[in-house]
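Read through the structure below, which is laid out as structure tokens, and then see the notes.
Here, each number is a calculation from the coordinates, and none is a lab measurement. Computed from a prediction, not measured in an experiment: that's the story for all the values here. Note that we place each Cβ from the backbone using ideal geometry, even for glycine, and neighbour counts take in every protein chain shown.
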Amino acid sequence: MDIMKIINQAISVLMNPKEALKKVKNEKVETMDIIMYLAIVGIPTLIGFILGYGVIGYGGFYLGASVGAAIIYYIIAIIGIIVFGFVLNAFAPTFKSKQDKMQALKLVAYSSTPWLLAGIFYIYPPIWFLATLAGLYGLYILYIGIPILMETPKEQHIPFLIVSIVIYVVIMAVVWQITWNIWWRISWGSVLSPRWYY
């Protein structure tokens, strides 16, 4: 695993996404390479979640529970992005696009980069909206990447983007709901023990 290569790829995506996507199109990668990329780029989100909910920002939560929930969210979010890639690839023919699993995974990984890096802003509540703005930039990367990596015809760009956004929102909503449910159990499971119900 070349961490510096991953860092440079992430910087390239942020600074010049169109050229970065053109370059990566012809690179031979495996699913594990995509997972490792997401794992490294997602570290700021992991840190932001732990410190924001357990130490600095929101406070009031058990640090141990915040660490546990952050790790769960980190893992499930990566899984969600991979699932998003598979679903995006499955829908490709509907929009006259080329069906290619690895190109779809590249697309979702790179378009998720701004959001994953901006997860560090969860540390402090008043600036959490910066993560949302980064997510919007990720949508822009998704938009310019659809014709490059999925070879989508021009007239299908917007429809494919809209469907992609809906799919992504649904997947991430499920990711958040799972994390919240687990976090609630970890945080309050010992407090709301069975004896409270007798």
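Using the Karplus equation 6.51 cos²θ - 1.76 cosθ + 1.60 (θ = phi - 60°), what ³J(HN,Hα) coupling, rounded to whole Hz, does each residue of segment 8-22 give in order, writing x for Gly and Pro?
Computed from phi, the couplings for segment 8-22 are 5, 5, 4, 5, 4, 4, 5, 7, 8, x, 4, 5, 5, 5, 4 Hz.
If I stretch the segment between V163 and A90 completely, what's the gain in nm (0.36 nm per residue apart, minus their alpha carbon distance), one decimal?
Extra length available between V163 and A90 comes to 25.1 nm.
Explain nothing, just compute: Karplus ³J(HN,Hα) = 6.51 cos²θ - 1.76 cosθ + 1.60, θ = phi - 60°, for every residue of segment 76-87 in order, whole Hz, x for Gly and Pro.
Taking θ as phi minus 60°, the curve returns 5, 5, 5, 4, x, 5, 4, 4, 4, x, 5, 5 Hz for segment 76-87.
I need the phi-derived Karplus couplings for segment 93-108: 6.51 cos²θ - 1.76 cosθ + 1.60, θ = phi - 60°, integer Hz, Gly and Pro marked x.
Calculated HN-Hα couplings, in order: x, 4, 10, 6, 9, 6, 8, 8, 4, 5, 5, 5, 5, 4, 4, 6 Hz.
From the C-alpha coordinates alone, can you work out the Kirkwood hydrodynamic radius of segment 17-188, in Å?
Details: mean 1/r = 0.0605 Å⁻¹.
About 16.5 Å for segment 17-188.
Work out how much length K154 to I178 would gain on full extension: take 0.36 nm times their residue separation and subtract the Cα-Cα distance, in nm to one decimal. List each step's numbers first, then the result.
Values: separation 24, 0.36 × 24 = 8.64 nm, distance 3.68 nm.
Fully extending the segment from K154 to I178 adds 5.0 nm.
If Lys and Arg each add +1 and Asp and Glu each add -1, what is the summed charge of the other residues whose beta carbon sits under 14 Å from the beta carbon of N16?
Values: positive: K18, K22, K23; negative: E19.
Value of the local net charge: +2.
Report relative contact order for segment 17-188 in percent, whole number only (criteria: Cα-Cα under 8 Å, sequence separation at least 6).
Details: 228 pairs, mean separation 52.6, N = 172.
Normalised by residue count, the contact order of segment 17-188 is 31 percent.
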